[in-house]
Amino acid sequence: MEARGYDRRLAAGVVAVGGTLAALIPPSAILVIYGIIVEQSVAKLLMAGLVPGVISIIVYLVVITVVVKMKPGLAPLEPSTTFGEKLRALPQVSGVFAVVGVILGGIYLGWMTPTESAGVATAIILCMALWKRIGLGDFRDGLLDTVRTTVMIFMVIWGVMIFVRFLAFTGLPGEVTEWVTGLDMPRWAIMAGIIVMYLLLGMILDGLGMMMLTLPVVFPAVTALGYDPIWFGILLVKLIEVGVVTPPVGLNCYVVSGIRPDIPLQSVFRGVTPFLVGEIVIIGIILAFPELILFLPELMG
């Protein structure tokens with residue numbers, strides 16, 4: 001983007017916000033962890049994240065368009081490409097489409113469980129790597145990174161399970177659920193309070209930390225109010241996405257600034273600011289139209 005004359009703040013903001021989509025669009029590790037913690041179908045959660053993920057992309061594109069229309073100098077016009085040129089460029093990313101297609105298609109059609117689809121997708125990636133003649137060093141680094149990530153995820157899950165068991169012994173989740181359901185308030189007002197709580201927590205905690213600390217207590221109260229657990233999982237992930245791009249602990253913004261130390265952290269946060277308006281719109285759509293999230297999981301039966 002810099003080589004094409006894009007404004008640095010806009011470019012940094014696009015990278016930081018675009019990085020949040022990995023938490024929502026399948027395959028999503030954080031949705032898998034959510035499903036394990038609250039004992040919900042991982043397959044349905046992954047399918048539920050598809051539509052709001054596409055909505056998020058559309059809203060981001062609208063935000064970029066509006067910002068550039070207001071300030072054309074932020075992103076100079078590039079020479080247009082023909083439809084044929086675009087089609088000829090698709091094979092370069094065919095591997096990505098193949099992997100995502102296997103995961104989503106296999107799960108949705110009932111041919112594979114999430115675990116089996118992950119194994120098949122891994123086999124496809126391995127074949128692609130061998131076809132590209134991956135070096136032994138790169139192969140070893142990939143295996144080590146996979147082991148580190150897997151161990152981290154399982155340690156988090158084990159910690160949460162132990163935490164949930166101890167909370168169950170104390171009876172705290174039940175007491176909180178009774179207190180919340182006994183409030184003389186409409187359930188939408190209680191949900192609004194939960195959303196504000198997560199937005200504030202997102203400013204100081206990472207996504208996994210928020211889920212570990214709050215879900216054992218918040219989730220029983222949410223389901224007792226009559227909210228769908230799959231729908232709430234998607235809403236929670238979207239709130240986590242907002243948290244990783246908001247100060248003071250906007251993890252994605254720190255990563256962008258860390259990779260490019262010449263771009264001040266303040267500039268990254270400024271580049272993200274217009275997208276926060278879009279995030280509010282997306283959260284509003286999720287709240288107003290829950291059927292957009294639930295219709296794909298419901299088709300799975």
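The values are calculated or read from the model by the stated rules, or taken from the named source; none is laboratory data. Predicted, not measured: the structure shown is a model, and the values here were computed from it. Neighbour counts are summed over all protein chains in view; Cβ atoms, including those assigned to glycine, are modelled from backbone coordinates with ideal geometry.
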ask   = Going through region 136-154 one residue at a time, which ones are loosely packed, with under 10 Cβ neighbours inside 10 Å and of a type in the set (G, A, S)?
value = G137
task = Could you give me the residue pairs with C-beta distances under 6 Å whose first residue belongs to region 73-92 and is farther than 21 Å from E2 by Cβ, whose second residue is surrounded by fewer than 10 Cβ atoms within 10 Å (Cβ to Cβ) and among the basic types (K, R) wherever it lies, and which are 6+ apart or on separate chains?
result = none
ask   = Are any residues in region 281-301 in a helix (DSSP H, G or I) and modelled with pLDDT under 90, and if so, which ones?
value = F295, L296, P297, E298, L299
request  = Pick out the one residue from I57, I33 that is closer than 30 Å to T223 by Cα, touching a helix residue (DSSP H, G or I) at 6+ places or on another chain (Cβ under 9 Å) and surrounded by fewer than 19 Cβ atoms within 10 Å (Cβ to Cβ).
outcome  = I57
task = Could you check V63 against (1) within 21 Å of the chain's Cα centre (by Cα); (2) modelled with pLDDT of 80 or more; (3) under 30 Å from M212 (Cα atoms) and say which number it fails?
result = (3)
note = Of (1) within 30 Å of I157 (Cα to Cα); (2) in contact (Cβ under 8 Å) with a residue 40 or more places away in the chain; (3) in a helix (DSSP H, G or I), V62 satisfies every one except (1)
query = Which one is surrounded by the most Cβ atoms within 10 Å (Cβ to Cβ), of the residues in region 74-111 that are touching an Asp or Glu at 6+ places or on another chain (Cβ under 9 Å) and over 21 Å from V32 (Cβ atoms)?
reply = A75
key: Filtered residue count, region 222-274, keeping only those that are surrounded by fewer than 20 Cβ atoms within 10 Å (Cβ to Cβ), touching a helix residue (DSSP H, G or I) at 6+ places or on another chain (Cβ under 7 Å), part of a helix (DSSP H, G or I) and of a type in the set (A, V, I, L, M)   = 2
